[in-house]
1. How much length is gained on full extension from His77 to Arg3, taking 0.36 nm per residue of separation minus their Cα-Cα distance?
2. Ala190 to Asp143: extension gain in nm, 0.36 nm per residue of separation minus the Cα-Cα distance?
3. Name the residue, out of Thr83, Thr173, Thr16, whose mean-square fluctuation peaks in a Gaussian network model built on the chain with Cα pairs under 10 Å.
4. For Met183 and Glu47 in one chain, what is 0.36 nm times their gap in residues minus the Cα-Cα distance, to one decimal in nm?
5. So, in Å, what gap is there between the alpha-carbon centers of segment 12-36 and segment 165-202?
6. Give me the aspartates and glutamates in straight-line cross-link reach of Lys89: C-alpha distance below 16 Å, same-chain residues under 8 apart excluded.
7. Report, in degrees rounded to the nearest 10, the 0 to 90 angle that the Cα long axis of helix 171-185 makes with the longest principal axis of the chain.
8. Ranked highest first by average number of other Cβ atoms within 10 Å, how do 110-122, 187-199 line up?
Amino acid sequence: MPRQGIALVLSAPSGTGKTTLLKRLLAEFPHFCYSVSCTTRAPREGEIHGKDYIFMDRESFEQRRAQGYFAEWAEVHGNLYGTPLESVKTLLDQGQDILFDIDVQGAAQLKLTLAGAVFVFVLPPDMQELERRLRARGQDSEDSIARRIANARAEIQQAHWYDALVVNDSLDTAYDELRAAYMAATLAPARNPGLTGSILAS
Ligand code: ADP
Ligand code: 5GP
């Protein structure tokens with residue numbers, strides 16, 4: 001039986017620092033494959049098509065959705081987001097670890113379809129700091145910031161079913177905790193097939 005890859009799913013209210021943590025994880029573990037989502041949102045400054053997101057219009061997104069192209073999809077802050085199904089399961093079966101950055105609605109869908117996935121929810125230290133970070137990022141309009149804050153409350157109420165909660169107050173501490181959740185997953189039996197057998201056979 002080949003070694004099963006780890007699906008590490010990260011969710012957080014927008015502005016919490018998930019992208020910052022995720023980039024750090026990808027830098028330390030370059031073998032991770034990042035699941036690039038499709039979105040109808042306009043690119044932010046510096047975002048690269050095909051690397052950060054696959055940017056598309058609503059019509060193309062809806063066409064793909066009708067064709068069963070997505071493992072999960074959701075409407076977040078007025079835009080559509082979806083994870084291409086193509087090869088997710090194949091890559092996991094080949095032992096490839098995959099990192100997902102998706103909202104709570106999408107994560108709940110993946111929980112039903114990806115057995116063994118690890119779900120980590122990143123929390124802001126408090127709501128004031130969340131608003132401060134959204135403003136500091138300087139990439140969202142006032143309208144968009146207000147919508148993101150309102151959604152954050154609803155999202156945080158869903159965090160109870162995740163496997164791990166990480167508070168991003170000190171970035172270093174939050175990163176250590178996220179790393180620990182990943183490290184724990186590498187110890188799962190599905191990740192180490194043949195280990196017990198080889199010990200018993202010795
Ligand atoms: P998200 O991906 O969750 O929307 P970002 O990673 O874009 O959030 O972070 C939002 C803003 O907060 C960025 O300006 C980032 O530099 C800042 N930030 C991230 N983590 C921390 C932290 N622990 N303390 C202070 N600022 C942070
Ligand atoms: P942003 O626009 O700030 O990049 O992302 C907004 C929200 O959409 C975040 O909560 C992010 O996790 C979520 N998101 C990004 N890609 C996907 C996806 O493929 N599916 C779902 N369900 N949510 C996504």
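Each reported figure results from applying straightforward, stated rules to the coordinates on display, with no laboratory input. Quantities reported herein were computed from a predicted structural model and do not represent experimental measurements. All Cβ positions, even for glycine, are placed from backbone atoms using ideal geometry, and neighbour counts span all protein chains on display.
1. 22.9 nm
2. Length gained, Ala190 through Asp143: 12.4 nm.
3. Maximum among the listed residues: Thr173.
4. Contour length minus Cα-Cα distance gives 46.1 nm.
5. Here the answer is 17 Å between Cα centres.
6. Partners found: Glu72, Asp97.
7. For helix 171-185, the angle is close to 40 degrees.
8. Ranking, from highest mean packing down: 110-122, 187-199.
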